[in-house]
1. Give me the extension gain from ALA596 to GLU668: residue separation times 0.36 nm, minus the current Cα-Cα distance, reported in nm with one decimal.
2. Report ³J(HN,Hα) in whole Hz for each residue of the stretch 487-496, in order, from the Karplus equation J = 6.51 cos²θ - 1.76 cosθ + 1.60 where θ = phi - 60°; Gly and Pro get x.
3. Just list whichever of LYS680/LYS726; LYS694/LYS727; LYS656/LYS727; LYS692/LYS726; LYS491/LYS588; LYS692/LYS727 have alpha carbons separated by over 19 Å in the model shown.
4. Shape verdict for the stretch 481-539, please, from the Cα gyration tensor: rounded (a/c under 1.5), prolate (a/b greater than b/c) or oblate.
5. Could you do me a favour and compute the accessible area per residue for the stretch 558-689, 1.4 Å probe, result in Å²?
6. Would you pull out the residues with amide H under 5 Å of SER704's amide H, same chain only if 5 or more places away, H placed 1.01 Å from N?
7. Provide the per-residue ³J(HN,Hα) series for the stretch 121-133, in order, calculated from phi with Karplus coefficients 6.51, -1.76, 1.60 and θ = phi - 60°, each as a whole number of Hz, with x at glycine and proline positions.
8. Would you mind checking which residues have amide H under 5 Å from ILE685's amide H? H placed 1.01 Å from N; only 5 or more apart, or other chain.
Amino acid sequence: MNNNRIAFRDILKNQSKGRLAVSVVIIFFITAVIVAYNILLMNSISENVINRGQATAERSADTVDDFLSDCTNSISVVEFTLDKMIMSGRSPEDILGFLVEQDNSLENTIGQETTKLYAFIDGMIYDGKGEIREPDYVIDERPWYRKAMSDKGSFVLVDPYKDVHTGHTLMTISKSMSDGRSVIALDTSFERIQSVLENVSADNGNITGIVLDSNATVVAHSDISEIGRKYSEESGSIGSLLAQRLEPGAEKYFDFEYGNHGYTAYIVPIQGGWYSVSVIATAGEYIPIRILFTISVIASVFTIASMVVIMIRSGSREIVAARLNLQLSSAADIYMSLSDIDLKNRTIMQIKDVDPEFVKNIIPDREKDVQETFRTLMKMLPESPTKQAAIDFVELDTLDERLKDVNNIFVEYLSFNDMWVRGRFVVSVRDPDGSISHVLWMLEDIDEEKRIRDSLAEKTEKLTSQLSSAADIYISLCDLDVRDNSVTSIKNANPAIAKAVNACDHNMQEIFFSIMRGLPESPTKQAAIDFCDLSDIDEKLAGTNTITVEYLSYGNIWVRGRYVVSERDKNGNITHVLWMLENIDAEKRARDRLSAVAEKLHNQMSSIANIYMSAYDFDLTNDTFSEVRASNRQVTGIIGENRENAQQTLYMVMDKMTDESAAAAVREFVDLSTLNERLKGTNTITIEYLSKDKMWRRGRFIESERNENGRLDHVLWVVEDIDQEKKDREKLINMSERAVAAN
């Protein structure tokens, strides 16, 4: 073993320090090149995926918008003439004839997607297919009529539905007319939009195009079998994941996983609260780059290992130079320009040119002095703060001095087309006296890298400023190194705590325990001690990045302690947390007072609710409800566990609990969409009705909350048993009528 060590030393002695330094530089250089190249390629593929998704979604959105515009424009033209005909008293036959004529012509303007044009005028339905009839249904219950009348003067889109005969998606567009009573409507299909989405899927097998309405129902889909599915009512499917992202202001695109596969979705809002969505299966997109990365790593490891073996075995300058040339030739593809410069003869040999024709045009004489070539190129650069630095950098006469102690120098400057590049000189050959005879000139496109770096620097400066500002609201702000059991103070307003923290020598846990154990006795003291125990910090912060505790501190002051994760290792274990201590004394005492008041009000409300059979709070904005009192088991059974779809649920309950004689009046009374108008000048409205079991009930809406615009946000719906009261009233009325008749 001793002889082996000596032989190894002898081999190293035969290698110059310059050669060893160059070898190390090359190893790091190749590694950096592979990493940087693959990162840029990965970013390029990701950007391409996003752009393709955006293009698909926007194309579908434009198709829908254009189609809806064609429909609304056609309706406007027909409406204009109908209004004039109604005002001039034209006969029903004339109106019908006009509608039939327009219905036929719409096939030429909009296409075969149009199925029917019709209108409701003076209590009659005028059908564009040639029929006038009285509706065999309650017109107010028809969505196309009801929505048009609730939003007068505007075009309304009725939720699409699937035609059971053709399988096509159909939709109704309607609008109230100028007389305020009539409505014109157009039924149309989505064949054109469906065709666009199917073509998207056919042209790009990994892209799925989808159009969703405001309720996340599939209007059109690359896969026609998906049409009509209600994604908002599903769970555990790709559709349910998309439905959760359909919110105003949400991200336009996002990545997600489903079934161990990666996807990228792009969402574009459409008029009427609809959305155009494209979903790209990204698994296949990244397979080539992963294969390329694996091959690159294997190749680089093999190359580096070969370098070491060759250097140790030979130690000769010729072999090292040959190996270096081979590696540089392989790496040349990542450079815009790669050249070997002979400093003794002042000539240049191009290994790779970014644009040979460009170089040929500006430097027709390739045999002239390389120094003049460099000066010509650099002086042609556009004016910028970096131009002079680039000119100075290519002065070859100063290279020996600048590369005296290093083998690599570089400069970054703004080149043509406002693009950032990095020019680099790398020593390739030194003479025995240490002077340089050959250097490599490498020109690299770093535009994206430079702008990312500048952006990160700006964001880092902003975050530092925000952290400094945020620290002002805390009594104490410290960085805790969980692994090293040490603490770094960012801010400490309490001198005693600051002194203890600053004296910490890898005994952070003991210091925290001593501070907490010194707290005055209170019901919160033990919770504070347990909270500062960092031995189970990973368990405490599993699934979250922040936790808090509130406790009584010195001076009987309420404070809030908070851990915020600032760093985790690759296994997800916490290495650093921020410890924040905030004075919440005034806030806590105010909360306690408010809690007492709220509990008192709740008890009062519960006492009042006892006089009612049922009491519910309706959130009109979100169409949800909650129970205040629910003593009727039959009603509870009908409602079940769902507390959404308040209007639909209220209709369902009242239909089942109301006698047929009162059903229509009750259904009209519980229409939540008209409450703002009915409660405009009062705080409560009531209705008395006969229940299914022939008992008299009183239903009441009571205003409980309005928003800043004066519209109702919340109302109470209460139901009261008035059967005996009603019968007593009727008995008194009968007695009064008989007395009047007797007199």
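The values are calculated or read from the model by the stated rules, or taken from the named source; none is laboratory data. Computed from a predicted model, the values in this text were never measured in an experiment. Methodologically, a virtual Cβ is constructed for each residue, glycine included, from the backbone with ideal geometry; neighbour enumeration extends over all protein chains shown. Side chains included, ligands, DNA and RNA excluded: accessible areas come from the protein's heavy atoms. Shrake-Rupley method; radii C 1.70, N 1.55, O 1.52, S 1.80 Å.
1. Separation in residues times 0.36 nm, less the Cα-Cα distance, equals 21.9 nm.
2. Once θ is set to phi - 60°, the couplings for the stretch 487-496 become 9, 10, 7, 9, 7, 8, 7, 8, x, 5 Hz.
3. Over 19 Å Cα-Cα: LYS680/LYS726; LYS656/LYS727; LYS491/LYS588.
4. It comes out oblate by the Cα gyration axes.
5. Roughly 57 Å² per residue, with all protein chains present.
6. Hits under the 5 Å cutoff: HIS714, VAL715, LEU716.
7. With the stated coefficients, the stretch 121-133 comes to 9, 6, x, 10, 9, 9, 9, x, 8, x, 9, 10, 8 Hz.
8. Residues meeting the amide H criterion: PHE701.
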